[in-house]
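In what follows, a structure is listed as structure tokens, so that the remarks can point back to it.
The values are calculated or read from the model by the stated rules, or taken from the named source; none is laboratory data. What you are looking at is a predicted structure, and each value in this text was computed from that prediction instead of being measured. Methodologically, a virtual Cβ is constructed for each residue, glycine included, from the backbone with ideal geometry; neighbour enumeration extends over all protein chains shown. For accessibility, only protein heavy atoms count, side chains too; no ligands or nucleic acids. Shrake-Rupley method; radii C 1.70, N 1.55, O 1.52, S 1.80 Å.
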Amino acid sequence: MHFVVCIKQVPDSAQIRVHPVTNTIMRQGVPTIINPYDLFSLEEALRWRDKVGGEVTVLTMGPPMASDSLRKALTIGADRAVLLTDRFFAGSDTLATSFALSAALKKIGETFGKIDIVFCGKQTIDGDTAQVGPGVAKRLSLEQITYVSAINEVNGEDGTVTLERRSEGGVQVLKTNLPAMITMLEGSNTVRRGRIDDALRAARAEIVSWNAKEAGIEDVTMCGLRGSPTVVKKVFAPSPRAEKAALVEVGATPAASAEALIEAVLAKSPKIEDDLIKLASGF
Amino acid sequence: MSDAKPAAPAAGAGRASMKKELPERFRNHKHVWVFIEMERGVVHPVSFELLGQGRKLADKLGVELAGVVMGAPGPDILHACQESFAYGADLCYTIENPVLADYRNEPYSKALTAVVEAHKPEILLLGATTLGRDLAGSVATTLLTGLTADCTELNVDDDKSLAATRPTFGGSLLCTIYTLNFRPQMATARPRAMPMPERKEGREGRIVPFAVDLHEQDIITKILSFIPDRDSNKTNLAFADVVVAGGMGLQGPENFQLVKNLAAVLGAEYGCSRPLVQKGWVPSDRQIGQTGKTIRPKLYIAAGISGAIQHRVGVEGADLIVAINTDKNAPIYDFAHLGIVTDAVRFLPALTEAFRKRLSPHTRDRMAG
């Protein structure tokens with residue numbers, strides 16, 4: 001079977017800093033990582049490849065340096081990596097991104113074998129939209145199952161997959177036909193550490209690199225800024241409250257400080273006491 | 001290229017140009033809609049929160065506010081409409097079909113796309129829940145329009161376009177996004193990101209049934225079963241009146257117990273900031289902030305949390321924010337109401353004890369009951 005995992009190289013958000021004066025992102029020196037949510041999808045693809053046989057292809061769209069993440073995915077165990085890179089893709093919103101990725105996925109299917117499951121991350125940690133996976137599924141007419149907590153069976157013979165999907169208030173057990181687009185929930189599996197031979201293979205592996213034309217995209221006005229219906233008009237830091245927090249003086253002991261803080265809370269919002277009493281009395 | 005819709009919009013150059021000249025074919029798009037999310041007969045509260053925002057936008061635009069209610073035929077549909085009217089909708093489009101009994105992407109996205117194409121709203125809002133996110137991305141792709149996820153603020157500009165503000169760059173800044181040349185302008189907001197509007201009992205509205213041709217045999221994905229969560233698995237974090245949370249200032253995973261202890265004494269829910277989940281100290285369903293839960297408690301105590309924007313957007317709806325942090329320049333003091341500059345690890349036990357003393361006369365002896 002052929003599993004394709006769409007990944008994204010993202011800045012390690014834990015290390016992003018905002019310039020205190022200009023309110024702009026300081027990108028210098030921020031390391032990049034594979035979007036953490038994508039790793040659960042990669043792991044699930046590798047598991048099912050190991051179980052039922054086949055290949056795992058990883059795909060990313062980004063600048064040439066995004067090949068770092070592809071190589072990392074190869075060291076974890078993917079068989080093949082495809083980089084979709086072109087200046088026409090710059091400034092893509094989720095609609096334009098799903099357009100370009102769908103074109104590349106079609107091309108991957110034609111070039112390396114029919115795709116059974118496209119895995120995407122649940123969402124990214126930089127954009128947080130959760131829109132690209134559904135966009136790809138819709139454009140390629142794939143069955144769409146998001147927030148999957150477990151895949152119970154992948155049946156290549158009758159072309160079905162049985163899985164568990166997290167929904168509000170419970171879990172749906174679903175069965176659907178392949179090809180499908182699946183996003184995995186965080187914690188749904190434990191991401192493996194690559195083996196030494198995978199690392200050696202990854203170091204030598206050639207990453208397939210396609211520009212828009214090579215991916216079969218003829219109309220580049222559907223890509224990048226021009227292909228994006230949304231326009232970011234303003235990026236800003238939120239304004240601080242008019243007043244900063246009123247600071248309670250630290251007392252001689254933590255106990256004294258605690259009393260002072262509780263008094264300050266009650267002075268600021270006298271009604272809180274009733275609420276706390278209600279909660280304490282178990283209502 | 002699109003399989004979903006053969007004819008892409010006549011894009012031309014500058015599809016996303018900043019010029020606010022709405023193409024002719026979108027000029028008859030009018031009114032503000034909210035997708036009313038219903039699962040197993042219960043309307044998700046985020047739908048009412050969105051109706052509150054939708055009402056504001058509709059009034060500013062001088063148009064109507066509509067809910068879209070879909071599900072299996074039955075009394076739940078009417079009930080969801082009445083609730084939507086009580087929370088501000090002028091009318092509801094209803095789509096009743098047995099295929100819509102439980103959520104699946106295919107029938108829901110077909111139904112919502114069809115009613116949008118028939119009645120042409122200018123704004124369509126959905127909750128950023130598992131259902132809403134699954135649905136919104138599909139519908140926006142089929143309609144080839146813009147969708148802005150997880151908005152923390154929705155407004156209408158002087159020229160009547162939707163200004164959707166959301167966190168960006170991993171929650172370090174905010175940005176305002178427009179869909180200038182396409183309709184509908186779609187946006188999602190997370191539960192509790194918007195205040196719950198006032199419920200007006202008995203407020204009336206019109207019901208407009210809409211028929212969609214859906215048959216079970218055409219739907220590929222089948223629901224084999226549904227396993228409801230046990231109550232003990234649910235956290236009530238988003239709706240709690242008092243919340244205590246801890247951050248990296250706790251210094252070690254063992255100190256998170258100090259947060260739990262204070263929460264227990266207060267009858268509060270406990271939560272944490274993003275790094276604690278990333279480090280594996282606390283399960284992800286306790287995360288508060290942009291990628292976790294949004295809360296609106298009456299009292300929020302943040303212990304050892306620095307207050308990055310991604311955290312701030314999740315707690316700003318709290319009535320009273322109390323910060324405990326050693327760094328007096330930490331951003332949390334920019335939006336907290338009260339603070340004490342001290343070490344949370346040393347301070348929390350004292351605060352827990354002080355609250356215990358104060359509240360002990362009222363604590364019900366649960367063993368006796």
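Just to check I understand the Karplus step: with θ = phi - 60° and J = 6.51 cos²θ - 1.76 cosθ + 1.60, what whole-Hz values come out for the stretch B:110-124, glycine and proline as x?
5, 5, 5, 4, 5, 6, 5, 5, 7, 10, 6, x, 8, 10, 10
Using Cα pairs closer than 8 Å and at least 6 residues apart in sequence, work out the relative contact order for chain A, in percent. List each step's numbers first, then the result.
Numbers: 501 pairs, mean separation 61.5, N = 283.
Computed over chain A, the figure is 22 percent.
Could you size up the charge dipole of the stretch A:2-222 around its Cα centre, putting +1 on the beta carbon of Lys and Arg and -1 on that of Asp and Glu, and report it in debye to the nearest 20? Working shown, then result.
Numbers: 25 positive and 27 negative charges, 79 e Å.
I would put it at about 380 debye.
When a/c reaches 1.5 or more, the comparison of a/b and b/c decides; with that in mind, is chain A rounded, prolate or oblate per its Cα gyration tensor? Don't skip to the end; give the middle numbers.
Details: a/c = 2.19, a/b = 1.68, b/c = 1.30.
It comes out prolate by the Cα gyration axes.
At 222 nm, what helix-only mean residue ellipticity would chain A give, in deg cm²/dmol to the nearest 500, using -39500 (n - 2.57) for each DSSP H run of four or more? The partial results should precede the final answer.
Details: 7 runs with 87 residues, N = 283.
Dividing the helical sum by the residues of chain A leaves -9500 deg cm²/dmol.
For the stretch B:232-360, what does the alpha-carbon gyration tensor say about shape, rounded, prolate or oblate, given a ≥ b ≥ c as the root eigenvalues, a/c under 1.5 as rounded, and a/b over b/c as prolate?
On the way: a/c = 1.19, a/b = 1.06, b/c = 1.12.
Rounded shape, in that the Cα axes give a/c under 1.5.
Helix-derived [θ] at 222 nm for chain B: sum -39500 (n - 2.57) over DSSP H runs of at least 4, divide by residue count, nearest 500? It would help to have the intermediate numbers written out before the result.
Details: 9 runs with 101 residues, N = 369.
Result for chain B, helices only: -8500 deg cm²/dmol.
Rounded to a whole number, what % of the accessible area of the stretch B:238-337 do carbon and sulfur atoms account for, probe 1.4 Å?
Details: 1440 of 3160 Å².
That share works out to 46 percent.
Taking the dipole about the Cα centre of the protein assembly as shown, with the C-beta of Lys and Arg at +1 and of Asp and Glu at -1, give me whichever of A:Ile108, B:Val315, B:Gly247 is farthest to the positive side.
Projecting each Cα onto the dipole axis, the largest value belongs to B:Gly247.
Could you work out the mean count of beta carbons from other protein chains within 10 Å of each residue's beta carbon in B:179-186?
Values: counts 6, 4, 2, 3, 1, 0, 2, 3.
Mean shielding count: 3.
Mind scanning A:Lys51/A:Lys72; A:Lys213/A:Lys233; A:Lys72/A:Lys138; A:Lys244/B:Lys328; B:Lys260/B:Lys357 and naming the pairs with a C-alpha gap bigger than 19 Å? Let's see the in-between values first.
Values: A:Lys51/A:Lys72 22 Å; A:Lys213/A:Lys233 30 Å; A:Lys72/A:Lys138 29 Å; A:Lys244/B:Lys328 11 Å; B:Lys260/B:Lys357 17 Å.
With Cα atoms farther than 19 Å apart: A:Lys51/A:Lys72; A:Lys213/A:Lys233; A:Lys72/A:Lys138.
Please name the residues of the stretch A:145-165 whose accessible area, counted over protein heavy atoms with a 1.4 angstrom probe, falls by no less than 30 Å² between the chain alone and the full protein assembly.
A:Tyr147, A:Arg165
What average count of beta carbons from other chains do you get within 10 Å of the Cβ of residues in B:144-154?
On the way: counts 5, 3, 7, 9, 6, 7, 5, 0, 1, 1, 0.
The per-residue average across the peptide is 4.
Quick check: net charge around B:Met70, other residues with Cβ under 11 Å of its Cβ, Lys/Arg +1 and Asp/Glu -1? Display every interim value, and only then the final one.
Details: positive: B:Lys110; negative: B:Glu37, B:Asp76, B:Glu96.
Value of the local net charge: -2.
Pick from B:Leu266, B:Leu276, B:Leu237 the residue whose mean-square fluctuation is largest in a GNM of chain B, springs joining Cα atoms under 10 Å.
Taking springs between Cα atoms under 10 Å, the residue moving most is B:Leu266.
Out of residues 5 or more away from B:Leu173 or on other chains, whose amide H comes under 5 Å of its own, with H placed 1.01 Å from N in the peptide plane?
B:Thr168
With r defined as the distance between the Cβ atoms of A:Glu243 and B:Lys328 and R0 fixed at 22 Å, what FRET efficiency is calculated, to the nearest 0.05? Numbers along the way, then the final one.
Working: r = 15 Å, r/R0 = 0.68.
Efficiency at R0 = 22 Å is approximately 0.90.
May I ask you to rank B:His44, A:His2, B:His119 by accessible area, largest first, using a 1.4 Å probe over the protein chains only?
Largest accessible area first, the list is B:His119, B:His44, A:His2.
Please get the size of the charge dipole for chain B, origin at its Cα centre, with Cβ charges of +1 on Lys and Arg and -1 on Asp and Glu, quoted in debye to the nearest 20. Walk me through the numbers on the way to the answer.
Numbers: 42 positive and 41 negative charges, 164 e Å.
The calculated dipole for chain B is roughly 780 debye.
What number comes out for the charge environment of A:Glu249, summing +1 per Lys or Arg and -1 per Asp or Glu over other residues with Cβ under 13 Å away?
Details: positive: B:Lys328; negative: A:Glu259, A:Glu263.
Spelling it out: positives minus negatives among the neighbours equals -1.
Lys and Arg at +1, Asp and Glu at -1: add these up for the other residues within a Cβ distance under 12 Å of A:Ser188 and post the number.
On the way: positive: A:Arg47, A:Lys122, A:Arg165, A:Arg166; negative: A:Glu43, A:Glu44, A:Glu164, A:Glu186.
Local net charge: 0.
For chain B, set up a Gaussian network in which alpha carbons nearer than 10 Å are linked by springs, and say which option among B:Gly292, B:Gly202, B:Gly71 fluctuates the most.
Most flexible of the set in this elastic network: B:Gly202.
For B:Val208 and B:Arg40 in the same chain, what is the full-extension length gain: residue separation times 0.36 nm, less their Cα-Cα distance, in nm?
Values: separation 168, 0.36 × 168 = 60.48 nm, distance 2.18 nm.
Using 0.36 nm per residue and subtracting the Cα-Cα distance, I get 58.3 nm.
Along the charge dipole of the stretch B:25-218, which of B:His31, B:Cys81, B:Thr130 sits closest to the positive end, that is, farthest toward it, with unit charges on the beta carbon of Lys, Arg, Asp and Glu (+1, +1, -1, -1)?
Ranked along the dipole, the leading option is B:His31.
Among B:Gln53, A:Ala73, B:Ser172, whose Cα lies farthest out toward the positive end of the dipole of the protein assembly as shown, if unit charges sit on the beta carbon of Lys, Arg (+1) and Asp, Glu (-1)?
Toward the positive end, the furthest listed residue is B:Ser172.
Mind jotting down the distance between the C-alpha centroids of the stretch B:174-247 and the stretch B:308-338, whole Å?
Centre-to-centre distance over Cα atoms comes out at 27 Å.
Pick from A:Thr162, A:Thr94, A:Thr183: which residue has the top mean-square fluctuation in a GNM of chain A where Cα pairs under 10 Å get a spring?
A:Thr162
Which FRET efficiency value, to the nearest 0.05, do you get for A:Thr253 and B:His215 by plugging their Cβ-Cβ distance into 1/(1 + (r/R0)^6) with R0 = 60 Å? The partial results should precede the final answer.
Values: r = 72 Å, r/R0 = 1.20.
Approximately 0.25, to the nearest 0.05.
Would you mind getting me the FRET efficiency between B:Ala114 and B:Ser360? Use the beta-carbon distance for r and R0 = 60 Å, nearest 0.05. Numbers along the way, then the final one.
Values: r = 60 Å, r/R0 = 1.00.
It comes to 0.50.
Lone cysteines in chain B, going by a 4.7 Å Cβ-Cβ cut-off?
B:Cys151, B:Cys175, B:Cys272
Between chains B and A, what is the buried accessible area in Å², counting both sides, with a 1.4 Å probe and ligands, DNA and RNA left out, to the nearest 100?
Working: alone 18490 and 16810 Å², together 26620 Å².
Chains B and A together bury roughly 8700 Å² of accessible area.
Can you list residues whose amide H is under 5 Å from B:Cys92's amide H, if they're 5+ apart or on another chain and H is modeled 1.01 Å from N?
For B:Cys92, whose amide H was placed from the backbone, the distant partners under 5 Å are B:Gly67, B:Arg206, B:Ile207, B:Val208.
Is the C-alpha gyration tensor of the stretch A:240-283 telling us rounded, prolate or oblate? Criteria: a/c under 1.5 is rounded; beyond that, a/b larger than b/c is prolate, otherwise oblate. If you can, show how the numbers build up before the last one.
Numbers: a/c = 3.13, a/b = 1.31, b/c = 2.38.
It comes out oblate by the Cα gyration axes.
Over all directions, how big on average is the projection of the convex hull of the alpha-carbon atoms in chain B, in square nanometres? Mind dumping the intermediate values first?
On the way: hull surface 89.8 nm².
The Cα convex hull of chain B, projected and averaged over all directions, gives 22.5 nm².
What is chain B's relative contact order, in percent, from Cα pairs under 8 angstrom and six or more apart in sequence?
Details: 741 pairs, mean separation 51.3, N = 369.
Reported as a whole number, the value is 14 percent.
Would you list, by chain and number, the lysines whose Cα falls below 17 Å from the Cα of A:Lys114, excluding same-chain residues fewer than 8 positions away?
Leaving aside lysines fewer than 8 places away in the same chain, those within reach of A:Lys114 are A:Lys106.
Would you mind working out the accessible area per residue for the stretch B:284-356, using a 1.4 Å probe, and quoting it in Å²?
Here the per-residue accessible area is 28 Å².
Straight-line reach from A:Lys122: which aspartates and glutamates have Cα under 18 Å away, leaving out those fewer than 8 places along the same chain?
A:Asp12, A:Asp38, A:Glu43, A:Glu44, A:Asp93, A:Glu143, A:Glu164, A:Glu168, A:Glu186, B:Asp134, B:Asp150, B:Asp285
Based only on the alpha carbon positions, what is the Kirkwood hydrodynamic radius of the protein assembly as shown, in angstrom? Intermediate values should be presented prior to the final figure.
Numbers: mean 1/r = 0.0385 Å⁻¹.
Kirkwood radius, the protein assembly as shown: 25.9 Å.
If you stretched the chain out fully between A:Lys51 and A:Lys234, how much longer would it get, using 0.36 nm times the residue separation minus the C-alpha to C-alpha distance? Please list the in-between numbers first.
Values: separation 183, 0.36 × 183 = 65.88 nm, distance 4.84 nm.
Extra length available between A:Lys51 and A:Lys234 comes to 61.0 nm.
Tell me, which longest segment in chain B has none of the GluC sites (Glu not before Pro) that fall in DSSP loops with at most 13 further Cβ atoms within 10 Å? Working shown, then result.
On the way: sites that count: B:Glu21, B:Glu198, B:Glu201, B:Glu204.
Between the exposed loop sites, the longest stretch runs B:22-197.
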